[in-house]
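Take a look at the structure set out below.
The values are calculated or read from the model by the stated rules, or taken from the named source; none is laboratory data. All values derive from a computational prediction rather than experimental measurement. Cβ atoms come from the backbone with ideal geometry, glycine included; neighbour counts cover every protein chain shown.
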Amino acid sequence: MAIRNAIRDVFSEVRHRLCDWHLIRNATSNVENPSFTFKFRKIMLGDYEIPVFKRKWVQLIEEFGLEDKPWVNNMYEEKHMWATAYIRGKFFAGFRTTSRCEGLHSVVTRYVGLQYDLTSFVEHFQRCVAHLRFKEFNADYESTCGVPIMQTCIELLERFVAEVYTHEIFLLFMSFLSRAGSMRVLNIENNNDCSKYIVCKHGRPDFLWTVEFCQEEIIMCSCLRMESFGIPCERIVKVLVDKDICVIPPSLVLDRWTKTVKSALNDASGFTRDAVVISRQSDLMKFSKQLAAVAAKVP
């Protein structure tokens, strides 16, 4: 609670989200009903409108008779911190759990231990940092070198995405690009400088989304996935294809997901981190050590 209050005071514009994994674990331990845990998770992650979420929550509580359960009532009071229906449109970069932090802890524990003194700790911690930086440089190298194989018939748009996004984000975007083929445009409403597209999934006309496209190439979807993840959803991609647009508009490209985001990271001396050069240097150093070890054995 103290950390939560401190974050609220210092980062007043930040939205605090509870870890999904811990919520599932707490639901299991407090209710002790696997069926409830399954349905609770479905409601928590479901992309519902707020009225639909409230209705499903009431049905869930009545089904399991949990009206007087303190933990359940407390969770409903904090629904704005975990329910997708309430946190849609808030940017979390796709994170729903604290696994990133726990994963980093796991990496650090491989290098440092309780038995180390201060000097040994600093030495081994520096090795850990060097390892993480090396992995980062390798990831940058993979993104900047090589072109992925085009896998869809929307090749121009796919190729543009491959050139702009990093390798990891490109693979993530491909799932949206492939699902765009299952979307249908039911209706188009033209209003002054903006067009409103009513989009549904093939075979599911009861699920509708609205995509607004303005002449300034400002595109918004009612699912708010772009605002939440920073990547255009399949409905926005469907509209781009429908309008025969072969690039992602700048308003839909976050700098943090692009290959060139680090090009502006210069220090006071003007030095620019070149991931390609550093990765090659690391590989050459490793090869040189292996070569030296072999050469040393030659009489």
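Taking the condition touching a residue at least 40 places away in the same chain (Cβ under 8 Å), out of contact with any strand residue (DSSP E or B) (no Cβ under 6 Å at 6 or more places or on another chain), surrounded by 13 or more Cβ atoms within 10 Å (Cβ to Cβ) and over 27 Å from K90 (Cβ atoms), does I245 pass? So that I can check it myself, show each step before the final result.
Numbers: touching a residue at least 40 places away in the same chain (Cβ under 8 Å): yes; out of contact with any strand residue (DSSP E or B) (no Cβ under 6 Å at 6 or more places or on another chain): yes; surrounded by 13 or more Cβ atoms within 10 Å (Cβ to Cβ): yes; over 27 Å from K90 (Cβ atoms): yes.
Taking the combined requirement at face value, the residue satisfies it.
Just to be sure, is E158 closer than 19 Å to D244 by Cβ, under 23 Å from the mean Cα position of the chain (by Cα), of a type in the set (D, E) and surrounded by 13 or more Cβ atoms within 10 Å (Cβ to Cβ)? So that I can check it myself, show each step before the final result.
Working: closer than 19 Å to D244 by Cβ: yes; under 23 Å from the mean Cα position of the chain (by Cα): yes; of a type in the set (D, E): yes; surrounded by 13 or more Cβ atoms within 10 Å (Cβ to Cβ): yes.
In short, yes.
Of all residues in the range 113-146, how many are aliphatic (A, V, I, L, M) and within 15 Å of K286 (Cβ to Cβ)? Walk me through it before giving the result.
First pass over the range 113-146, keeping only residues aliphatic (A, V, I, L, M): 114, 118, 122, 129-130, 132, 139.
Within this subset, residues satisfying the condition of being within 15 Å of K286 (Cβ to Cβ) are 130.
So the answer is 1.
Any idea which residue in the range 169-189 is modelled with the highest pLDDT, counting only those that are touching a helix residue (DSSP H, G or I) at 6+ places or on another chain (Cβ under 7 Å) and surrounded by fewer than 19 Cβ atoms within 10 Å (Cβ to Cβ)?
First pass over the range 169-189, keeping only residues touching a helix residue (DSSP H, G or I) at 6+ places or on another chain (Cβ under 7 Å): 169-170, 173, 176-177, 179-180, 183, 185.
Then drop every residue that is not surrounded by fewer than 19 Cβ atoms within 10 Å (Cβ to Cβ), which leaves 179, 185.
Values: R179: 87, V185: 90.
So the residue we want is V185.
Output the residues belonging to the range 208-237 that are within 18 Å of the chain's Cα centre (by Cα) and part of a strand (DSSP E or B).
Once the filter is applied, which keeps residues that are within 18 Å of the chain's Cα centre (by Cα) and part of a strand (DSSP E or B), the range 208-237 yields only C221.
Could you pull out every one of the helices (runs of 4 or more DSSP H) wholly within the range 1-49 that has 3 or more residues that are in contact (Cβ under 8 Å) with a residue 24 or more places away in the chain? Lay out the reasoning, then the answer.
Working: elements: 2-10, 20-31, 34-45.
Helices (runs of 4 or more DSSP H) meeting the threshold: 20-31, 34-45.
Of the residues F137, F121, F91, only one is over 30 Å from E32 (Cβ atoms), part of a helix (DSSP H, G or I) and touching a helix residue (DSSP H, G or I) at 6+ places or on another chain (Cβ under 9 Å); which? Reasoning before the result, please.
On the way: F121 fails: touching a helix residue (DSSP H, G or I) at 6+ places or on another chain (Cβ under 9 Å); F91 fails: part of a helix (DSSP H, G or I).
Residue meeting the stated conditions: F137.
Give me the residue from the range 194-218 that is in contact with a helix residue (DSSP H, G or I) (Cβ under 7 Å, 6 or more places away or on another chain) and of a type outside the set (F, W, Y) and, out of that set, modelled with the lowest pLDDT.
First pass over the range 194-218, keeping only residues in contact with a helix residue (DSSP H, G or I) (Cβ under 7 Å, 6 or more places away or on another chain): 197, 199, 201-202, 209, 211, 213, 217-218.
Still in the running and of a type outside the set (F, W, Y): 199, 201-202, 211, 217-218.
Numbers: V199: 91, K201: 87, H202: 85, V211: 90, E217: 73, I218: 78.
My answer is E217.
For residues that are closer than 21 Å to C246 by Cα and either touching a Ser or Thr at 6+ places or on another chain (Cβ under 9 Å) or of a type in the set (A, V, I, L, M, F, W, C) (or both), tally how many sit in the range 145-155.
Total satisfying the criteria: 7.
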